[in-house]
1. How long is the gain from Arg174 to Ala58 if the chain were fully straight, where each residue apart is worth 0.36 nm and the alpha carbon distance is subtracted?
2. So what does Leu199 come to for accessible area, using a 1.4 Å probe and Å² rounded to 10?
3. What FRET efficiency comes out for Ala205 versus Glu73 if R0 is 41 angstrom and r is the Cβ-Cβ distance? Round to the nearest 0.05.
4. Can you give the local net charge around Ser24? Use residues other than it whose beta-carbon is closer than 14 angstrom to its beta-carbon, Lys and Arg +1, Asp and Glu -1.
5. With every protein chain present, what accessible area does Thr148 have (1.4 Å probe, heavy atoms only), rounded to the nearest 10 Å²?
6. So for Arg140, Arg85, Arg20, Arg29, what's the accessible-area order with a 1.4 Å probe, most first?
7. If you build the convex hull over the alpha carbons only and average its shadow over all orientations, what do you get for segment 31-92? Give it in nm² to one decimal.
8. Which order do you get for Asp48, Asp167 if you rank them by accessible area with a 1.4 Å probe, largest at the top?
Amino acid sequence: MSKSPDQQPKGKTIDGFTRRKEQSKEEIRKAARDLFSQFGVDKVSIVDIARKANVSQATIYNNFGSKEALTREFVTTAVEHLVNRVQEVLIPEKPYREKMAAFIQFLSAIMTYERSSVAVDPIFTSSLDLQNDPEIKKIRLTAQEKMTTVMLTLIQEGKKQRQVNPDLSEEALRIYFAMFMDVFTNPKLQHQFSRHPNLVQELGALMIYGLSGQNK
C-alpha cells in the first residue's frame, strides 16, 4: 500500500527542495555571469537575468535579495580569477625581466580585450557606481593587496638577480605599485587606453627599466 504525501519521509522532501533551490540559484548565477561578461553590469537588469535563467524575478529576489548581491558574487569570482592568472604568470622559474615582461604583456592583453569588447572586467571597470559600492571596493582592495604582495615577491627576486635597486624600501614599492595599478582601475584614466594603444607597454617599460630607458 502506498504512503500518503503526509506519510512520506520528510528528509527526502527537504533534500529534493534544497537540491532544486540550489540548482535554480546556480542557473541564476550563470545567467548573471554570462550577461555581465557580455554586456557589462550596468546594462543588465533583473528582467534580463530572469529571462535568461528561465525563472521569475521574484525567484531572484528571494534567493539573492538584489542585483547588487549578484554583482558582488560576480566581482568576487572575477577578481579571484584575475589574481590567480597573475600568479600563474609570475610564479614560474624564469629570470626577473622575463617575468616582468610577461606581466606587462598580460595587462596589455586585458586592456586590448576591453577596447575590442563590450564586456567589462570588474577589476578594471569604468563604472563609477560599481566602483563606489562599499562591498565591491573592499573586494577590489583585497585583490589589489594580493597582487601587490605577488609583485613585491617578484621584486625581491629582481634584487637578488641585481636587476632592481637593492636600496628601494618596501614602503616605497607599495606606494609605487598602488599608483601603477590605479592607472588600470581609475575610471578617469580608462579612456586614455583607447586613445593610446601602446600606453600599457610604455608604462611597463618605465616599471622595468626606469626613466633611463636602458633596456639591455
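The values are calculated or read from the model by the stated rules, or taken from the named source; none is laboratory data. Please read these numbers as outputs of a predicted model, since none were measured by experiment. Methodologically, a virtual Cβ is constructed for each residue, glycine included, from the backbone with ideal geometry; neighbour enumeration extends over all protein chains shown. Ligands, DNA and RNA are stripped out before the accessible areas are found, and what is left, the full protein with its side chains, is counted by its heavy atoms. Shrake-Rupley method; radii C 1.70, N 1.55, O 1.52, S 1.80 Å.
1. 37.2 nm
2. Number for this one is 30 Å².
3. Efficiency, from the Cβ-Cβ distance: 0.65.
4. Within the 14 Å Cβ shell, the charges total +4.
5. In the full protein context, Thr148 sits at about 20 Å².
6. From most accessible down to least: Arg20, Arg85, Arg29, Arg140.
7. 4.6
8. If we order Asp48, Asp167 from most to least accessible, we get Asp167, Asp48.
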